[in-house]
1. Rank these for me by crowding, 87, 102, going from fewest to most other beta carbons within 10 Å.
2. Take 71, 140 and order them by how many other Cβ atoms sit within 10 Å, fewest up front.
3. Compute the length gained on full extension between residue 103 and residue 78: take 0.36 nm times their separation in residues and subtract their Cα-Cα distance, giving the result in nm to one decimal.
4. Rounded, prolate or oblate: pick one for the stretch 65-142, where a ≥ b ≥ c are the square roots of the eigenvalues of its C-alpha gyration tensor, a/c under 1.5 means rounded, and failing that, prolate if a/b is larger than b/c, else oblate.
5. May I ask for the distance between the Cα centers of the stretch 47-67 and the stretch 73-129, given as a whole number of Å?
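Only the coordinates and a few stated rules stand behind these numbers; no lab work does. Model, not experiment: these values are computed from the prediction. Cβ coordinates were reconstructed from backbone atoms using ideal geometry, including for glycine residues, and neighbour counts include every protein chain displayed.
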């Protein structure tokens, strides 16, 4: 059973994901000039795996190499048993390769895939790790990641 506090957190998180998805779907696509986004030795670009950055801002949130953080819209907070992460990354990488990257890399940091959706050029992946939910929104040349902690309330006896 979902308690009202948990339901409220899920509603806020879902609303944020929907709002951000609609924002990214509405952005105009750009054309990649990166030769690695084309075919490599006859292999389709979506089958050439991306390599994770060796050092990331948040250790359990992998980022493909060559993606750069957009500092003006990225922030995080950690303290008192909670953390909030909202990061946006930009770079010239094939969207299918980024999608495959997160399907492969997130489980290595103990994130469990909850949903995997594609709509109008945007992938939306949702992962869970303990009491945290992570949404990864992938659009041509942009990755948006947000992490929120679910409030787990102790069930109370109904009187």
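1. Ordered from fewest to most neighbouring Cβ atoms within 10 Å, 87, 102 come out as 87, 102.
2. In order of increasing Cβ crowding within 10 Å: 71, 140.
3. 6.5 nm
4. oblate
5. Rounded to whole Å, the Cα centres lie 11 Å apart.
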